[in-house]
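Colleague: Below is one structure. I have some questions about it.
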Amino acid sequence: MVVDRSGGVTVIRPGQRRASDPARIHFEEGRLSAVLVDDHELVLEGLERTLARDAIDVVGAFLDGQGALDYLSGATAGPTRVDLAIVDLRLGDRSGLSLVEQVRSLRPDVRVAMLTSFEDRSAAVSAVRAGATGFFLKDSSCGELSAGLRRVAEGHLVIDSRLAAAVLNGERDRRLTEHELSIVELVAEGMTNRQIGAELHLSAYTVKEYLSRVMRKLGTTTRAETVVRAVREGLLPDREPGV
């Protein structure tokens, strides 16, 4: 983020960013480091001040997802320690949910929390499924937010109390039955619906219905994606999908 104060006007150009040089960052014991992603400059500035008071140092603040990904990959400033990525649900260049998945894939060591103005139950469930371990509303008190983020950094799942029930119910609904797991295992072996039906004494139509239900639970759209997601979540042993 680059700030141009010429003529007494502050201009933040989309796509640009402000980030600390990793070589000049000195972490004090007990302090956390965070990257912020929000397409509103006022939100970034307010968050940075709030978090700094509670020993959470913002090492990068970005108006878009690509800037954050470049920084986390080391492409723009070299690798640095980042404990938290705090991501807005709605960004200009992509959805916050897709950014959560990208950050978790790029930097598994970084915990991701979502921060939004919208009390959206389905978004909270989707965020957890994408890999976020924190979901906070922007009207949370400063103390609640900072304390919650610290727990996220420690590895806990922290959801705003107004949305926690929806997330827990969503995760409960997501569990696969023994029959569904058997079908996913056979899909991973490369079997067609007809072959799976013959193996389990089911019609190909019934197998298709079971597989559609599994995809809804896991939030996937293809057979290969379903196998990959099942492996990632520990439902299947690690393997290359045969589909």
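Colleague: Name the residue, out of 68, 113, 123, that is under 14 Å from the mean Cα position of the chain (by Cα), among the aliphatic types (A, V, I, L, M), outside any loop (DSSP other than H, G, I, E, B) and more than 26 Å from residue 218 (Cα to Cα). Step through it out loud before you land on a result.
Modeller: On the way: 113 fails: more than 26 Å from residue 218 (Cα to Cα); 123 fails: more than 26 Å from residue 218 (Cα to Cα).
From the options 68, 113, 123, the qualifying one is 68.
Colleague: Quick check on residue 230: is it modelled with pLDDT under 80 and either buried (at least 18 other Cβ atoms within 10 Å of the Cβ) or touching a strand residue (DSSP E or B) at 6+ places or on another chain (Cβ under 9 Å) (or both)? Don't jump to the end; show me each part of the working.
Modeller: Working: modelled with pLDDT under 80: no; either buried (at least 18 other Cβ atoms within 10 Å of the Cβ) or touching a strand residue (DSSP E or B) at 6+ places or on another chain (Cβ under 9 Å) (or both): yes.
Against the criterion (modelled with pLDDT under 80 and either buried (at least 18 other Cβ atoms within 10 Å of the Cβ) or touching a strand residue (DSSP E or B) at 6+ places or on another chain (Cβ under 9 Å) (or both)), residue 230 does not qualify.
Colleague: Give the residue that is nearest to residue 48 (Cα to Cα), with candidates limited to residues of region 117-144 that are exposed (fewer than 15 other Cβ atoms within 10 Å of the Cβ) and of a type in the set (A, V, I, L, M, F, W, C).
Modeller: Ranking the qualifying residues of region 117-144, first place goes to 142.
Colleague: Can you say whether residue 82 is buried (at least 20 other Cβ atoms within 10 Å of the Cβ) and more than 17 Å from residue 35 (Cβ to Cβ), as far as the supplied structure shows? Step through it out loud before you land on a result.
Modeller: Numbers: buried (at least 20 other Cβ atoms within 10 Å of the Cβ): yes; more than 17 Å from residue 35 (Cβ to Cβ): no.
In short, no.
Colleague: Scanning region 179-226 for residues that are of a type in the set (D, E, K, R), in contact (Cβ under 8 Å) with a residue 40 or more places away in the chain and not in a loop (DSSP other than H, G, I, E, B), which turns out nearest to residue 126 (Cα to Cα)?
Modeller: Initial filter on region 179-226 (of a type in the set (D, E, K, R)): 180, 185, 189, 194, 199, 208-209, 213, 216-217, 223, 225.
With in contact (Cβ under 8 Å) with a residue 40 or more places away in the chain added as a condition, the list becomes 185, 189, 217.
Filter again for not in a loop (DSSP other than H, G, I, E, B), leaving 185, 217.
On the way: 185: 24, 217: 11 Å.
Result: 217.
Colleague: Can residue 209 be described as among the acidic types (Asp, Glu), surrounded by fewer than 20 Cβ atoms within 10 Å (Cβ to Cβ) and in the same structural domain as residue 101 (by TED's automatic domain parsing)? Spell out the reasoning first.
Modeller: Values: among the acidic types (Asp, Glu): yes; surrounded by fewer than 20 Cβ atoms within 10 Å (Cβ to Cβ): yes; in the same structural domain as residue 101 (by TED's automatic domain parsing): no.
So residue 209 fails the test.
Colleague: Would you confirm whether or not region 36-44 contains a residue that is under 16 Å from the mean Cα position of the chain (by Cα), in a loop (DSSP other than H, G, I, E, B) and crowded, with 22+ Cβ neighbours inside 10 Å? Quick ask: steps written out before the conclusion?
Modeller: First, pick out the residues of region 36-44 that are under 16 Å from the mean Cα position of the chain (by Cα): 36-38.
Those still in the list that are in a loop (DSSP other than H, G, I, E, B) too: 38.
Next cut, crowded, with 22+ Cβ neighbours inside 10 Å only: 38.
There is at least one residue in region 36-44 that is under 16 Å from the mean Cα position of the chain (by Cα), in a loop (DSSP other than H, G, I, E, B) and crowded, with 22+ Cβ neighbours inside 10 Å.
Colleague: Sort out which residues of region 145-163 are surrounded by 15 or more Cβ atoms within 10 Å (Cβ to Cβ) and more than 16 Å from residue 34 (Cβ to Cβ), and write them in order of number.
Modeller: 157, 159, 160, 163
Colleague: Residue check: is residue 109 buried (at least 21 other Cβ atoms within 10 Å of the Cβ) and among the charged types (D, E, K, R)? Write out each step before concluding.
Modeller: On the way: buried (at least 21 other Cβ atoms within 10 Å of the Cβ): no; among the charged types (D, E, K, R): yes.
Criteria not met by residue 109.
Colleague: Quick check on residue 97: is it in contact (Cβ under 8 Å) with a residue 12 or more places away in the chain, closer than 15 Å to residue 38 by Cβ, assigned by TED's automatic domain parsing to the domain that holds residue 40 and in a helix (DSSP H, G or I)?
Modeller: Values: in contact (Cβ under 8 Å) with a residue 12 or more places away in the chain: yes; closer than 15 Å to residue 38 by Cβ: yes; assigned by TED's automatic domain parsing to the domain that holds residue 40: yes; in a helix (DSSP H, G or I): yes.
So residue 97 fits the description; yes.
The values are calculated or read from the model by the stated rules, or taken from the named source; none is laboratory data. Since the model is a prediction, treat every value here as computed from it, not as a measurement. So basically every Cβ, Gly included, is an ideal-geometry build from the backbone, and we count neighbours across all protein chains shown.
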